[in-house]
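All remarks here apply to the structure that follows.
The values are calculated or read from the model by the stated rules, or taken from the named source; none is laboratory data. Quick caveat: nothing in here was measured; it's all calculated off a predicted structure. So basically every Cβ, Gly included, is an ideal-geometry build from the backbone, and we count neighbours across all protein chains shown. Remember, those area values only see protein heavy atoms, side chains included, never the ligands or the DNA or RNA. Shrake-Rupley method; radii C 1.70, N 1.55, O 1.52, S 1.80 Å.
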Amino acid sequence: MRASANAPPLVELVGVSVDLDGQPVLDRVDLTVRRGQIVTIVGPNGSGKSTLVRAIIGAVAPTAGTLRRGPGLTIGYVPQRLAIDPSMPMTVARFMNLPRRRPGAEIAAALHDAGLPDVGRRQITDLSGGQLQRVLLARALLDGPDLLILDEATAGLDQPGIAAFYARIEQVRADQGCAVLMVSHDLQIVMRASDHVVCLNGHVCCEGAPEIVSSLPGYRRLFGDGQADTLAVYRHHHTHSHDHPDPDPATRSAAPPARDDAA
Amino acid sequence: MPADFMIRAALAGIGLALACAPLGCFVVWRRMAYYGDATAHAALLGVALSLAFALPLYPAVIAVALVVAGLVTGLSGRHHATDTLLGVLAHGTLAAGLVAVSFVQGVRADLMAYLFGDILAVTRGDLLTIWLGTGAVLALLAWRWSGLLMATVSPEMAVAAGIRPRLEQWALNIALALVVAAGIRIVGALLISAMLIIPAAAARPLARTPEGMALATGVLGTVGVFGGLTAAWHADTPTGPTIVCAVAILFVLSVLASSLRSARQRR
């Protein structure tokens, strides 16, 4: 079951701009996420990806434009990293109970589903990067969110780890029917199940579907067996260079797939 | 049978230790140590205002502490780092308080009691105020506990869950103002943040969860108050500083115990 293009939007941004300390960070961004959809946002460092996520969860207000969230929208948010101060003791089980207490059986089941049945009593600061990532995802899924936001969730993982993580996300989408908004700094290799890829650099540079290239022998060699099923290539079609300070809105509306300047 | 003033002193000290327990944990977790200092120093300006204009002491102290908290929360991140602002406010208000008091006749000796506290001079009225303050702090923090923990762990995750971190910050600001007001008669403006930070720091190696750490902080703070009072009684030393010395010794013991334990585990 793929995403329905007719489903009502969970999140809809129209011409959203955000200034931070007087500096423009996002410039007239349009973005729609519908139920069941997987949307991947790629962009280099400093392209405003995190600010976009912060705007969607409501941590920063748009300076201009409109940002609509579906009524009663619940968001499961997986942060880029978790900076718990070492002065705070926190077991994995206690962390899973934030911000609401839940029955122990529910927590145990969630950790079991995440493939980490025995970590409940461990300190969260003792987990490896991959384990922490799975705990963060399990916690975000406890509420049965409408929208799962993953902010550079694969940053600390190697490529097999990323492939496994993407496989898990696909399974979550299939099981729960939630939408997924994935943020990644990897400009070329995206989650194959993405319905839509948006390349961000302050403004929306280009957007489209990822290319399913896993059947090509070259890419199969590049990704390795097993990973080719979850990874895909996104081919950019920019009409302008990445480093220009002030994008001309006229050029980005007409964007033929001309060249790939992000390579 | 201990003297009445010793019983009052012990009850006042326990009240302060209990109020400091959950708040001190947040001060440590959120790296607000210097912020506790600034609020406590600002309290002296509140004392000066209360002496100069014959205002009730505790409301004046709470009001000034809240104004300082508002200034820090509102101004931080614009042009100056938070610790710079806190430095300006802490020492600016402390100095202003000392200068203001010098205009008021005959209170110089009294001021010493607010700088260093005088737990043995605590009256029944003070005791009631301190325990009301303690009750208010514990109730406020228990009410906001979950949201505060979430906002401390990750502001973004808190926002995504519908929690407003700036609102939760104000729960801490109010609790801090109440604790400073409660503590100014007991350990004085200069040593209140010691009661916030040291028991919490001593409790850290003993705890596995935030709640466990808050509980252990309350126990250690209470032990420190009893130990300090007893030592000051026998050695005839200033009581407030002796209590702080007692909790500092508990901190050293806790650190030693935890490093011994981890050394044994490694072997």
* What number of residues within segment B:250-267 are surrounded by fewer than 16 Cβ atoms within 10 Å (Cβ to Cβ) and under 28 Å from B:Ile7 (Cα atoms)? -> 2
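Would you kindly identify the strands (runs of 3 or more DSSP E) lying entirely within segment A:17-91 that contain at least 3 residues that are open to solvent by 70 Å² or more (accessible area, probe 1.4 Å), at pLDDT 90 or above and more than 13 Å from every other protein chain (Cβ to nearest Cβ)? Even if it seems obvious, please write down each step before you answer.
Values: elements: A:23-34, A:38-42, A:64-69, A:75-78.
Passing ranges, in order: A:23-34.
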* Just one of A:Gly130, A:Gly156, A:Gly177 is on the phi > 0 side of the Ramachandran plot and under 17 Å from the mean Cα position of the chain (by Cα); which is it? -> A:Gly177
* Filter result (modelled with pLDDT of 90 or more, more than 14 Å from chain B (Cβ to nearest Cβ) and within 13 Å of A:Ala140 (Cα to Cα)) within segment A:107-123 -> A:Ala110, A:Leu111
* Structure fact -> Residue hits (segment B:225-238; without any contact (Cβ under 8 Å) to a residue 24 or more places away in the chain and either touching a Pro at 6+ places or on another chain (Cβ under 9 Å) or assigned to a loop (DSSP other than H, G, I, E, B) (or both)) are B:Ala232, B:Asp236, B:Thr237
* To do: List the number of the failed condition for B:Tyr114; all other conditions in (1) at pLDDT 85 or above; (2) crowded, with 21+ Cβ neighbours inside 10 Å; (3) within 19 Å of the chain's Cα centre (by Cα); (4) not charged (D, E, K, R) hold.
  => (1)
* Selection count where residues are part of a helix (DSSP H, G or I) and either open to solvent by 40 Å² or more (accessible area, probe 1.4 Å) or not hydrophobic (A, V, I, L, M, F, W, C) (or both), scope segment B:18-34 -> 5
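Filter the helices (runs of 4 or more DSSP H) completely within segment B:131-224 down to those with at least 3 residues that are open to solvent by less than 10 Å² (accessible area, probe 1.4 Å).
Working: elements: B:155-160, B:165-183, B:192-203.
The helices (runs of 4 or more DSSP H) meeting that bar are B:165-183, B:192-203.
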* Answer yes or no: is there a residue in segment B:197-213 that is acidic (Asp, Glu) and over 23 Å from B:Ala248 (Cα atoms). => no
* Cross-chain or 6+ apart pairs with Cβ under 6 Å, segment B:23-39 first and at pLDDT below 90, then among the charged types (D, E, K, R) -> B:Tyr34/B:Asp83
* Working only within segment B:227-249, note down all residues that are buried (at least 16 other Cβ atoms within 10 Å of the Cβ) and either among the aromatic types (Phe, Trp, Tyr) or more than 25 Å from the chain's Cα centre (by Cα) (or both). => B:Trp233
* Asked: Could you list, in sequence order, the residues of segment B:35-59 that are assigned to a helix (DSSP H, G or I) and not hydrophobic (A, V, I, L, M, F, W, C)?
  -> B:Tyr35, B:Gly36, B:Asp37, B:Thr39, B:His41, B:Gly46, B:Ser50, B:Tyr58, B:Pro59
* Inside segment B:204-221, can you point out the residues that are within 10 Å of chain A (Cβ to nearest Cβ) and either touching a strand residue (DSSP E or B) at 6+ places or on another chain (Cβ under 9 Å) or in contact (Cβ under 8 Å) with a residue 40 or more places away in the chain (or both)? -> B:Arg204, B:Pro205, B:Leu206, B:Arg208, B:Thr209, B:Pro210, B:Met213
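Considering only segment A:133-157, state which residues are away from chain B (no Cβ under 11 Å) and at pLDDT 90 or above. Outline the logic, then answer.
Of the residues in segment A:133-157, the ones away from chain B (no Cβ under 11 Å) are A:133-135, A:137-138, A:141, A:144, A:146, A:150, A:152-157.
Listed by number, the residues that qualify are A:Val135, A:Leu137, A:Ala138, A:Leu141, A:Asp146, A:Leu150.
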